[in-house]
Amino acid sequence: MMEFSLWKKLKKRFRRKRRPMWMLGCMLLSLLIGWLIPIHTVQMYAFSPEQSDFTQMLLEKEKPWSVKLHRVYVCGDEIKPLGIMMTDQIQQLMKENPKWKGKLGNESNTVFLEQHVDDLSEHCKANAYMGLDKKGNLTLYDGVPKKEKVVRTFFQLDVHYLESSLPQDKLDQLAKGIRISDIDEYNSVLSTYSDYAIELNQKVMKPAY
């Protein structure tokens, strides 16, 4: 009986000695989890591989950033201020919009988030024309072609083929400029005149992105 009582006392003492070690283990585990969570969070917000340099620059300069959204349209672009953000907020915003690309601006505290939009900007909807430049290229203009404010050039047209294939009123319309007020008209004109490209087998610009 004495041996059994002694054994019970030893077990109780052993448990009392182990308890602080168990508590210490829990504390260490909590600290480890707390240390790992921020790393996991950064990985969740990581950008695509081509944005890794941009991400690294943000992480190296933890400070408030002036963030602007740069919308790049099929025709035209717009810049919209989004406000002041910290690095983790920018990462979260890009995580929610994975097609956006980040760039540092010329000013040291400015970040541009670039968004490509399959549409015309409001300015282009009100001012865009398609016509021929002096070299016979199908060209997108800001305003009528005679003002020569070129937005972009697509491909060279076979003018002789056009003259033999289209009625005079269509040729006159192309010479004066075809008014483009929405993305459907933009795509339609591109599709129609790609058939008259000089190099029929070349990869001409396809409608929209």
**Asked** Do we find that Leu58 is touching a helix residue (DSSP H, G or I) at 6+ places or on another chain (Cβ under 6 Å) and at pLDDT 60 or above in this structure?
**Response** yes
Over segment 57-115, the set of residues under 29 Å from Leu190 (Cα atoms) and of a type in the set (Val, Ile, Thr) is Val72, Val74, Ile79
Across segment 54-98, the tally of residues that are over 16 Å from Ser121 (Cβ atoms), β-branched (Val, Ile, Thr) and under 18 Å from the mean Cα position of the chain (by Cα) stands at 4
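The values are calculated or read from the model by the stated rules, or taken from the named source; none is laboratory data. Only a predicted model underlies this, so the values are computations on that prediction, with no experimental measurement involved. Glycine gets a Cβ as well: all are built from the backbone with ideal geometry, and neighbour counts include every protein chain shown.
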